[in-house]
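K.L.:
This is the structure I have questions about; it appears just below.
The values are calculated or read from the model by the stated rules, or taken from the named source; none is laboratory data. Please read all numbers here as calculations on a predicted model, not as lab measurements. Note that each Cβ is placed from the backbone with ideal geometry, even for glycine, and that neighbours are counted across all protein chains shown. With ligands, DNA and RNA removed, areas are computed over all heavy atoms of the protein, side chains included. Shrake-Rupley method; radii C 1.70, N 1.55, O 1.52, S 1.80 Å.
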Amino acid sequence: MNLRYNWTKEEIREIYDTPFIDLVYRAASVHREHHNPREVQVSSLLSIKTGGCPEDCAYCPQAARYHTDVEVEKLLPLSEVIKSAEKAKLGGASRFCMGAAWREVRDNSDFDRVLEMVEAVNALDMEVCCTLGMLTEDQAKRLAASGVYAYNHNLDTSEEHYGEIISTREYGDRLDTLKHVRKSGMTICSGGIIGMGESIDDRLGMLVTLTSFNPHPESVPINALVPVKGTPLADQPTVSIWEMVKMIATTRIVMPHSVVRLSAGRTNMSDEGQALCFMAGANSIFAGDKLLTTPNPDFNEDMELFKVLGLVPKKARKRETVKPEAV
Ligand code: SAM
Ligand code: DTB
Ligand code: SF4
């Protein structure tokens, strides 16, 4: 199937509404056409600057205005970042993602220190990913020049629903940053969260926007909301695994070349549920027992599941010239 950048919500709805069994079969078939279905990219996440964020994202435990258990910390020292990246590499992660609870990057000494971290992690031969909030064109260029491979900046939901979740910035701000990322040569990692009280139409609307990017985002994280005490979305019911599988399958079908990441929310999913997500085209996870501030399955637990399912961690892209191990 050719890549398309003009999907309508109605067309995507038709896919989403196909009977579950047919939807998963179709997504699995598309997945096999474009990816090795046994390879899963394993990324490790580190919060390099935790809490105290001025934004009001209703889902986020790091927003200063909500009373959560997250404690505000300063930017981590370089040595701790390196230690964490080395550990992640030893564990088999090929991508290292550094997150900061910032609204936007400022041109100050903290940014200079992040650029140093990027260079140090790059030197470990890992794909470096950053998620630092909004960027100017110049900041995006500086990150790219320091060796950032991917920049994560989620749309989170549809444009229509955005105002219900965040009031301190606009959908257009997100799109502007993504434009700067694309222009800088970094790859785009952008997706969203389900289970925030949005309609199915909102989920599909987000996919319409993501598929309109040419090229499509290289990575598309699909997060299930992790409801955190103290945030406005604390009492949202856990998203059903069927909804998660349907969202992953639909994403896989409309963005066949992208890496689809089964992101936050895995601690609430059974092994069988996650297996269905992999069947339906998810080919990336965050590994390690912590996401940014909330728990994630333990690394060994994930490797056990990989063994059961016959999955193998994907090698870092930079080393792809080396023949992949026989799978
Ligand atoms: N501050 C930067 C920003 O907002 O772009 C980077 C870090 S922010 C925590 C990265 C992403 O984490 C958000 O866009 C959101 O999709 C996801 N996220 C945050 N809290 C979450 C939660 N409770 N459940 C699921 N995903 C969450
Ligand atoms: C993404 O889409 N999910 C990750 C990553 N990008 C940065 C973050 C999930 C955060 C979950 C809540 C927390 O641990 O604070
Ligand atoms: Fe801040 Fe990012 Fe959390 Fe929003 S999602 S409150 S911008 S850390």
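K.L.:
Among the residues of the range 277-294, is any within 16 Å of ligand 3 (Cβ to nearest atom), small (Gly, Ala, Ser) and in contact (Cβ under 8 Å) with a residue 24 or more places away in the chain?
P.N.:
No: zero hits.
K.L.:
Could you grab me the full set of residues in the range 215-235 that are over 30 Å from HIS180 (Cβ atoms) and either buried (at least 20 other Cβ atoms within 10 Å of the Cβ) or within 16 Å of ligand 3 (Cβ to nearest atom) (or both)?
P.N.:
Correct list: PRO227, LYS229, GLY230, ALA234.
K.L.:
While we're looking at this one, here's another question. Inspect the range 287-298 for any residue being over 14 Å from ASN223 (Cβ atoms) and either in contact with a Lys or Arg (Cβ under 6 Å, 6 or more places away or on another chain) or part of a helix (DSSP H, G or I) (or both) and give the result as yes or no.
P.N.:
Scanning the range 287-298 turns up at least one residue that is over 14 Å from ASN223 (Cβ atoms) and either in contact with a Lys or Arg (Cβ under 6 Å, 6 or more places away or on another chain) or part of a helix (DSSP H, G or I) (or both).
K.L.:
If you don't mind, another one. Considering only the range 118-128, I want to know if a residue exists there that is within 16 Å of ligand 2 (Cβ to nearest atom) and closer than 27 Å to LEU225 by Cα.
P.N.:
Among the residues of the range 118-128, at least one is within 16 Å of ligand 2 (Cβ to nearest atom) and closer than 27 Å to LEU225 by Cα, which makes the answer yes.
K.L.:
Which of the following residues is open to solvent by less than 50 Å² (accessible area, probe 1.4 Å), more than 19 Å from SER158 (Cα to Cα) and in contact with a strand residue (DSSP E or B) (Cβ under 7 Å, 6 or more places away or on another chain): GLY281, GLY273?
P.N.:
Only one candidate passes the filter, namely GLY281.
K.L.:
Continuing with this model, one more query. Restricting attention to the range 34-49, and to residues there that are part of a strand (DSSP E or B) and under 16 Å from LYS315 (Cβ atoms), which single residue is most open to solvent (accessible area, probe 1.4 Å)?
P.N.:
Ranking the candidates gives GLU39 first.
K.L.:
Can I ask one more? For the range 68-83, indicate whether the set of residues that are touching a residue at least 12 places away in the same chain (Cβ under 8 Å), within 21 Å of the chain's Cα centre (by Cα), more than 16 Å from ligand 2 (Cβ to nearest atom) and surrounded by fewer than 17 Cβ atoms within 10 Å (Cβ to Cβ) is non-empty.
P.N.:
No, the conditions are met nowhere in the range 68-83.
K.L.:
Working only within the range 50-67, note down all residues that are in contact with an Asp or Glu (Cβ under 7 Å, 6 or more places away or on another chain) and open to solvent by 10 Å² or more (accessible area, probe 1.4 Å).
P.N.:
Of everything in the range 50-67, those that are in contact with an Asp or Glu (Cβ under 7 Å, 6 or more places away or on another chain) and open to solvent by 10 Å² or more (accessible area, probe 1.4 Å) turn out to be THR50, ARG65.
K.L.:
Follow-up. Within the range 245-255, is there a residue that is closer than 30 Å to ILE166 by Cα, more than 16 Å from ligand 2 (Cβ to nearest atom), in contact (Cβ under 8 Å) with a residue 60 or more places away in the chain and open to solvent by 40 Å² or more (accessible area, probe 1.4 Å)?
P.N.:
yes
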